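What follows is calculated from the coordinates using simple rules that are stated; it is not laboratory data. Because the structure is predicted, anything quoted here is derived from the model rather than measured. Here Cβ is always computed from backbone atoms with ideal geometry, including for glycine, and neighbour counts include all displayed protein chains.
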Amino acid sequence: MPDSRPISAAPFGPPASADLAVFEVTLAPEGPTFRAGPDESLLDAALRQGVPLPYGCRNGACGACRGRILAGRVHLTEGTGLRGLTEREIRAGWTLLCQARASSDVRIAARADGPGAGVRTLPARVASRTRLAHDVMELRLQLPPTERLQYRAGQYVDILLRDDRRRAFSLANCPADDAFLTLHVRRVPGGAFSGRVFEEIEERALLRLQGPLGNFHLRTESDFPVVFLAGGTGFAPIKAIIENALLAPLRREMHLYWGVRSERDLYLPDLPREWARTRPRLHFVPVLSEPGPDWSGRTGLVHEAVLADFPDLSGYEVYASGPPPMVTAARELFPDHGLDLERLFFDSFDYAYETGHDG
């Protein structure tokens, strides 16, 4: 139930208008600074932008995400409390970042040493399997009740197999929605793990995973508009990145190009279309390399579609995720069209049978 202890001595205030610009949140004593809207917790805002704040239960009970408000005002998530803090801490201005939302610019005494503090090996049970397409399975994994995987949207985990083999899978859910870890598993011919996912694995089966891994995440310190280039299940990490970005009002234009062979390979087509319909700064272009006779959209190779629409990429950041030929084409051709290589970030899905990326 909501916490009923007095908090008048702490810097709490009413919610800010959702129409106001996002607020700046600065971590003391040395930063960094990130932005937070009035309708998201400070913890969610930080994780969305890659600021590694520590957290645990995310429901106000454990106190792992506490921070002290040095300047500015916050309000609490409706219907929640500060069970993870003592009355003394509340009177001294402490709050829980998983429950606090900005009512103004805020300066907080807190340490950014959560996600990224170290790779972990954890057990996980299969919670569900859902076939998204003829060759793509959504696999949802559940960690033990006392564990959470702290990661940045766009990172991946390794599923640890026998004989020291492993398979890499991008996390398709954003960190703010981490009750389950969601993987998009593409069936690879001869793939030991993907074959098992499609044919054998049952709910409640126990797996081991290691992560978070990788450096494929949105650079939130940048103001450049973004072009996302996804091929096949390369949509998974980009999905997580975009959903993370959509937790707050978009400041940057975002263009998602998703390339697949045929229309049936667009395994979640309604999701990016809904993003584009409801967010004027987000644009979605599906591209088919082997279209059927009823397809009226874009055709050809997805990187060529990007170049046709953006002959000058000098003012953009590009995030490419998917098959190596697509990523290689972007790395080789996009700089010729003005893209600074320091603003090209990629995650190449190498479907090697023994060591590669299964999805």
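Miscellaneous remarks
- Kirkwood-based Rg to Rh ratio, the chain, C-alpha trace: 0.99
- From phi via Karplus (6.51, -1.76, 1.60), per-residue ³J(HN,Hα) for segment 201-213 in Hz, x at Gly/Pro: 5, 10, 4, 6, 4, 9, 10, 10, 10, 9, x, x, 10
- Contact order, relative form, for the chain: 15 percent (alpha carbon pairs under 8 Å, 6 or more residues apart, mean separation divided by residue count).
- Debye equation applied to the C-alpha atoms of segment 23-109, log10 I(q)/I(0) at 0.13, 0.25 Å⁻¹: -0.33, -1.37
- Shown for Phe169, Phe349, Phe180: other C-beta atoms within 10 Å of each C-beta, ranked fewest to most, produce the order Phe180, Phe349, Phe169.
- Per the Cα gyration tensor, segment 226-348 maps to an equivalent ellipsoid with semi-axes of 20, 19, 13 Å, ordered largest to smallest.
- Put in order of Cβ neighbour count within 10 Å, fewest first, the listed residues Trp258, Trp295 become Trp295, Trp258.
- Computed FRET value (nearest 0.05) for Leu70 with Ala205, which takes r as the C-beta separation and R₀ as 56 Å: 0.75
- Cα centroid separation, segment 283-297 to segment 170-193 (Å): 25
- Ellipticity at 222 nm from helices only: DSSP H runs of n ≥ 4 in the chain, each -39500 (n - 2.57), divided by the residue count, give -4500 deg cm²/dmol.
- When segment 173-303 is reduced to its Cα atoms, the Kirkwood hydrodynamic radius in Å: 16.7
- Along segment 121-128 the Karplus relation, 6.51 cos²θ - 1.76 cosθ + 1.60 evaluated at θ = phi - 60°, assigns HN-Hα couplings of 10, 9, x, 8, 9, 6, 8, 6 Hz to successive residues, with x for each Gly and Pro.
- Treating r as the C-beta distance of Ala92 and Asp164 and R0 as 51 Å, the FRET efficiency rounds to 0.55.
- Long-range amide H partners of Phe346 with built H, under 5 Å: Ala320
- Given 11 as the ceiling on other Cβ atoms within 10 Å, longest exposed-site-free region of the chain for GluC sites (Glu not before Pro) in DSSP loops: 222-353
- Sorted by Cβ neighbour density within 10 Å, fewest at the top, the residues Ile242, Ile201, Ile90: Ile201, Ile90, Ile242
- Normalised Debye scattering of segment 120-213 at q = 0.11, 0.13, 0.19 Å⁻¹ gives log10 I(q)/I(0) of -0.28, -0.39, -0.87, counting only Cα atoms as equal scatterers and leaving out solvent.
- For segment 245-251, backbone phi angles converted through the Karplus equation (6.51, -1.76, 1.60; θ = phi - 60°) give residue-by-residue couplings of 5, 6, 5, 9, x, 5, 8 Hz, Gly and Pro being listed as x.
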